[in-house]
Every structure is written in C-alpha cells, then in structure tokens.
1. In this structure, is Arg136 modelled with pLDDT of 85 or more and basic (Lys, Arg)?
2. Which ones in the stretch 235-249 are more than 17 Å from the chain's Cα centre (by Cα) and either crowded, with 24+ Cβ neighbours inside 10 Å or closer than 29 Å to Met17 by Cβ (or both)?
3. Sort through Ala321, Ala313, Ala317, Ala252 and tell me the only one that's farther than 26 Å from Ala95 by Cα, surrounded by 14 or more Cβ atoms within 10 Å (Cβ to Cβ) and free of Cβ contacts under 8 Å to residues at least 24 places away in the same chain.
4. Condition first: assigned by TED's automatic domain parsing to the domain that holds Asp186, within 29 Å of Pro38 (Cα to Cα) and either modelled with pLDDT under 90 or among the small types (Gly, Ala, Ser) (or both). Can you find one or more residues in the stretch 241-256 that meet it?
5. I'm checking my understanding of the structure. Among residues of the stretch 295-310 that are in contact with a Lys or Arg (Cβ under 8 Å, 6 or more places away or on another chain) and either among the acidic types (Asp, Glu) or not in a helix (DSSP H, G or I) (or both), which one is nearest to Ser90 (Cα to Cα)?
6. Name, by its number, the condition in (1) in the same structural domain as Val177 (by TED's automatic domain parsing); (2) exposed (fewer than 14 other Cβ atoms within 10 Å of the Cβ); (3) out of contact with any Lys or Arg (no Cβ under 8 Å at 6 or more places or on another chain) that does not hold for Glu281.
7. Just the residues that are charged (D, E, K, R) and at pLDDT 90 or above, please, taken from the stretch 102-133.
8. Considering only the stretch 139-181, state which residues are among the charged types (D, E, K, R) and either at pLDDT below 95 or in contact with a Lys or Arg (Cβ under 8 Å, 6 or more places away or on another chain) (or both).
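The values are calculated or read from the model by the stated rules, or taken from the named source; none is laboratory data. If you're wondering where the values come from, they're calculated on a predicted model, not measured in any experiment. When we count neighbours, we look across all protein chains shown, and the Cβ atoms used for this are built from the backbone with ideal geometry, even at glycine.
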Amino acid sequence: MSEWLIYRGTGEPHDGMDRIPAPPPWRKFDGGPLVEPPEGIGTASTRRLGVNAGGARLHRPRAEELELINAALYLRRPLLVTGDPGSGKSTIAHAVAHELGLGRVLYWPVVSRTSLQDGLYRYDAIARLQDVQLARTEPALEAGGESDPAAAIGRYVRLGPLGTALLPNKHPRVLLVDELDKSDIDLPNDLLNVLEEGEFAIPELERIADRVPEVQVLSDDGRRVTVRDGRVRCAAFPFIVLTSNGERDFPAPLLRRCIHLQLPPPDRERLAAMVRAHFGETPGGTRTADEIIEMFLDRPSGEVRAADQLLNAIYLAQIAAPEDLGARTRIAEQLMQPLDRTR
C-alpha cells in the first residue's frame, strides 16, 4: 500500500489525520475559536457500513477510488461522486469518517426546493417575536436570562449541516451532500463561493458584533457552539462528498472546485462484500445470498438496479423462504425490478 495514503480503505480506525501534511497555501483557513466535534460515528454510519463486527473492513475501495479520495483529503477539496443508484457513493463519506475518526457524518439531503440557506443556517424570527411578546407580560423571561438582550438572538439561530461542517475544527468534519443533481438550477452555482472561501456570514449576528462579538448558537449536532463576529470560518476544510446519479451536468466552475470520482456498477466481489458486512457469513445465508447476487447480476445491459434492492431481497428470502428455492426466486424477482422501467 502506498505510504502517502491517509485513508487506506481498510476499515480499521487509525490516527492518520494527525500525520496529514499542511494544506496547499491556497486552501489554508484560520477560523476560530476551535470547537470540539461530538464523539462517535453515529447510528447512520453503523447502518451504512454494516452492523456486524468489522463490517467496515469489507467496503474495500478500488485503487483509483483510494487515490481520488485521498486527493480530496490532501487538497482540501470536495469530492464529487457520480454513479448509478446503489453503487456505494454515500458509503464513502461514512467509511472515511469511521476509519479516520472524524465523528458523526453531517447529512444534507438535496431536493428540488433545497437552497443554500437550508445548508448554512436558519434564523427563527417568529419564535423570537413570540418570546419578545411573552416577555412583555412575564419580565422574568426577558432575553432568556442573557445579561445582554442582544446575545439572546443566538437562541434563535441553528446551523445547518453545511454551516456546522464549516465550524473551526482541528480536524475536518465529514459532510454528505446527497443527490445534488436533484437540486434546482441555482444551487450548484450558489455553492461556489462557500466551497472556495470556507466561510459564510450570519447577518443577524454581524449586526450586533460590535456589542456582542461572540454568540452561542445551536449546531446541527444539537450542541451550543461559539460564532465570532457574526461569521463562521473553518480552520480545517471539511471532507465534503457530493453525490450525483448522473441525471444532469454541473457547471464548469463547480467541477473545477471538486475532485471527480466516477463509480462503476458494483461487481460480484463488491456485492458479496457488502452482503457479508450486513448479514455475516452463516452457511445457509451465504448460499441464499450467492443465488440472489447471481440473479442481480444476470440482467440485460443497461438495466439499472440498486444494491438496496439486493439487500432487501436477501433479507426477506432468508426469513420467508429459507428452504424453498422457488419462493426465494419469486421474492428476489419481485424486489429487484429494474429501476429504469415501469411495471
């Protein structure tokens, strides 16, 4: 294994992030004060990587994947991952967070109505107005107990997943921006400045920065963190995984800011490893899994099926028809219909 690889894809946690070289001069950031990330990888990563002990070790990336993932880590650039549904795009974020000890993966699912503001922060002006009105009748509740009423504004600000990822951490947080190709036409362009500068402003806090330079707000992790001078600026650029099913093209300025990884459809070896990560290796279960993997792979060229369908078929076949080959076959066929063809 090449010595320059920080993320090795072995699934074995290690302290490689302590040895990563300094970023390129054009990707150095100096945000502060530093915040401590939550401990543990979170239940989402456990579900994604497999509940069996050592399941993460079975998600072994190919050499090209390893090199491009590490390129994104070294260059402090987002990783744009494209591929068919179920090819393992989002698993990359969870595998990197697990192996490098980078904490809970921040998750930002994208739909057609998603805006940049959704990812950065939300200011609940209505709640603040309600509290002000309540304080007029209950003076003891005024400003929520804050010594300076202006500081109380932080109680109504909550950072989104992207905003939380850009907090000044010693090591990068991992952010999964899922299905960016589902966004409207503006979001990829709106992301450009934030991805380049590693910071953003919160105008509601900037207006009071001369009186209250540090304000406590709520992060996406549900913890109170300090924002200084109304701006969030990273210290270590987050490891951002942008996933796309290839349903649209992205603008050249976004592609220039990203490392692009194209994942091929999973082959037999990768599917078998994925199944072992989630189901273990019991003799009967392995036989059933092998049968259904063959069915999954035995399809006309161009048909799209997702690995989720395979896992669903194996799980149900093991429960509903452990000894009936005909029933297992029917279940698998019903659950693994091509995604690009209506019934």
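1. Considered against the rule, which asks whether it is modelled with pLDDT of 85 or more and basic (Lys, Arg), Arg136 comes out as no.
2. Ala235
3. On the way: Ala313 fails: farther than 26 Å from Ala95 by Cα; Ala317 fails: free of Cβ contacts under 8 Å to residues at least 24 places away in the same chain; Ala252 fails: surrounded by 14 or more Cβ atoms within 10 Å (Cβ to Cβ).
Unique residue meeting the criteria: Ala321.
4. yes
5. Only one residue tops the list, namely Arg305.
6. (1)
7. To start, the set of residues in the stretch 102-133 that are charged (D, E, K, R) comprises 104, 113, 118, 122, 124, 128, 131.
Selection gives Arg104, Arg113, Asp118, Arg122, Asp124.
8. Once the filter is applied, which keeps residues that are among the charged types (D, E, K, R) and either at pLDDT below 95 or in contact with a Lys or Arg (Cβ under 8 Å, 6 or more places away or on another chain) (or both), the stretch 139-181 yields Glu142, Glu146, Asp148, Arg155, Arg158, Lys170, Asp181.
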